[in-house]
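Some notes on the structure that comes next.
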Amino acid sequence: MNHTLPRIRPVVSCTLLVVTLVAGMTACGESDSHPLAAKPYDAADEISSNTPDGGEKVDPDKPLEVSVDGDDGRITDVTAVDSEGRHLAGELDADGHRWHSTAPLAAGTRYTVKVSMENDEGAPGSRTLSFGTAAAKRFLKVAFGPQAGTYGVGQPVTAELSAPVADKAARATVERALKVRSTPAVTGSWYWVDDKTLHYRPKDYWPAKAAIEVSSELSGIKVANALYGAPTKALKITTGDRIEAVTDASEHSMTVKRNGEVINTIPVTTGKPGFSTRNGVKVVLGKEYYVRMRGETIGIAEGSNDSYDLPVYYATRVTWSGEYVHAAPWSTGSQGIANVSHGCTGMSTSEAEWFYNTVREGDLVSVVGSEGETMTPFDNGYGDWNLSWAKWQKGSALQNDTPDRMDTVQAARLRPQV
């Protein structure tokens with residue numbers, strides 16, 4: 001087969017002339033007879049690949065290879081794109097005779113491969129290949145949280161994996177595929193809480209009235225040996241006003257702000273010695289109009305001086321172990337004066353009702369000035385904001401540093417403390 005054109009390498013010089021305008025004068029430029037100006041010919045006979053004929057599915061564990069014989073010319077460009085629009089990375093040998101993929105093929109998809117070449121006479125040729133890859137047998141599923149809805153500006157995004165991922169390279173593959181987009185835009189990062197759980201938060205709190213979309217591009221992507229990403233349902237959430245409640249345990253007072261402006265100051269009581277309320281930033285986990293609170297659920301012996309069994313109303317939960325902001329009509333004489341609770345933040349019934357109706361899941365509830373320990377990041381609710389941004393970034397598999405792993409104990413879902 002001869003697809004050659006004469007090898008012409010014209011040297012064209014443009015000289016500025018003052019001339020009378022003559023119709024039909026040719027513009028100064030390269031001749032249309034240059035080989036690269038020719039329409040690429042069908043190079044199916046010169047370009048070959050390691051994909052099977054007859055529609056047989058390709059093993060996604062094997063690399064894609066495209067080649068030309070050295071006597072036929074050289075490859076100049078290869079683009080391989082799957083049905084999701086994802087480009088397959090690859091590398092061309094120095095002599096231009098072989099291109100091979102440098103990233104795993106996706107499973108259960110179709111690829112379109114466009115190959116450009118130049119033959120030994122300088123004429124351009126091209127070939128388009130199409131093939132399907134075999135479906136995966138093992139899938140890694142991802143479930144995003146929270147549920148769709150409107151949340152406070154402290155709400156982290158979560159990703160729960162169906163199988164553990166411990167290898168750092170595999171974690172990086174997963175993390176690159178999990179996308180979080182916010183309007184207004186924010187700087188944020190994922191943190192590997194454990195082998196199956198990731199949390200995402202911005203450097204600072206989410207903006208008020210933000211729109212957040214969470215999605216996965218992991219479908220068909222190889223994560224580890226024979227383990228491929230499964231399709232994942234995207235998540236859309238929004239944020240409301242920025243509500244922040246800060247309790248100063250030493251002053252027995254809570255200050256509540258909306259978008260930076262104080263909207264209420266409430267006399268409160270917090271944990272007494274031996275039951276001190278946790279310091280640090282917490283996030284509202286939920287609201288319960290009525291909760292029965294009993295001392296034995298937090299290790300207090302029934303019948304002891306600290307024992308209690310109380311009906312509690314307007315209870316806003318901030319830890320899984322039972323710390324609430326709630327109505328405490330039995331301690332109104334101490335509210336604003338002394339700390340007499342077993343760890344919760346108590347206030348009058350009317351103030352608790354107001355607080356209950358004002359906050360939503362994801363709003364920020366902080367405590368300062370307590371003799372208690374600081375809220376832990378992950379094992380008792382959302383304490384994510386108690387890690388500095390520098391430490392948070394170390395929990396990402398995409399950072400150069402080794403992730404700052406925290407061996408997290410699954411939270412004991414204990415009953416409330418008052």
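General observations
Conditions (1) among the basic types (Lys, Arg); (2) farther than 30 Å from Arg360 by Cα, marked per residue:
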residue	(1), (2)
Ala80	no, yes
Val113	no, yes
Phe131	no, yes
Lys141	yes, no
Phe144	no, no
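- Check on Gly369, buried (at least 19 other Cβ atoms within 10 Å of the Cβ), at pLDDT 95 or above and among the small types (Gly, Ala, Ser): no
- Lone qualifier among Gly152, Gly108 - being of a type in the set (Gly, Ala, Ser) and modelled with pLDDT of 95 or more: Gly152
- Unmet criterion (only one of (1) without any contact (Cβ under 8 Å) to a residue 60 or more places away in the chain; (2) open to solvent by less than 30 Å² (accessible area, probe 1.4 Å); (3) touching a helix residue (DSSP H, G or I) at 6+ places or on another chain (Cβ under 9 Å)) for Thr158: (3)
- Residue selection: Ala123 satisfies the criterion of being aliphatic (A, V, I, L, M) and either out of contact with any Phe, Trp or Tyr (no Cβ under 6 Å at 6 or more places or on another chain) or open to solvent by 50 Å² or more (accessible area, probe 1.4 Å) (or both).
- Failed item, numbered, when Ile300 is tested on (1) open to solvent by less than 50 Å² (accessible area, probe 1.4 Å); (2) at pLDDT 95 or above: (2)
- Residues satisfying the stated conditions in the range 50-67, i.e. assigned to a strand (DSSP E or B) and over 36 Å from the mean Cα position of the chain (by Cα): Ser67
- The listed residue being more than 24 Å from Glu217 (Cα to Cα) and at pLDDT 95 or above, out of Asp71, Asp167, Asp77, Asp120: Asp77
- Residue in the range 74-94 that is among the hydrophobic types (A, V, I, L, M, F, W, C) and open to solvent by 80 Å² or more (accessible area, probe 1.4 Å) present: yes
The values are calculated or read from the model by the stated rules, or taken from the named source; none is laboratory data. Since this is a predicted model, take the numbers as computed values, not measurements. Heads up, the Cβs are rebuilt from the backbone with ideal geometry, glycines too, and the neighbour counts pull from every protein chain shown. Ligands, DNA and RNA are stripped out before the accessible areas are found, and what is left, the full protein with its side chains, is counted by its heavy atoms. Shrake-Rupley method; radii C 1.70, N 1.55, O 1.52, S 1.80 Å.
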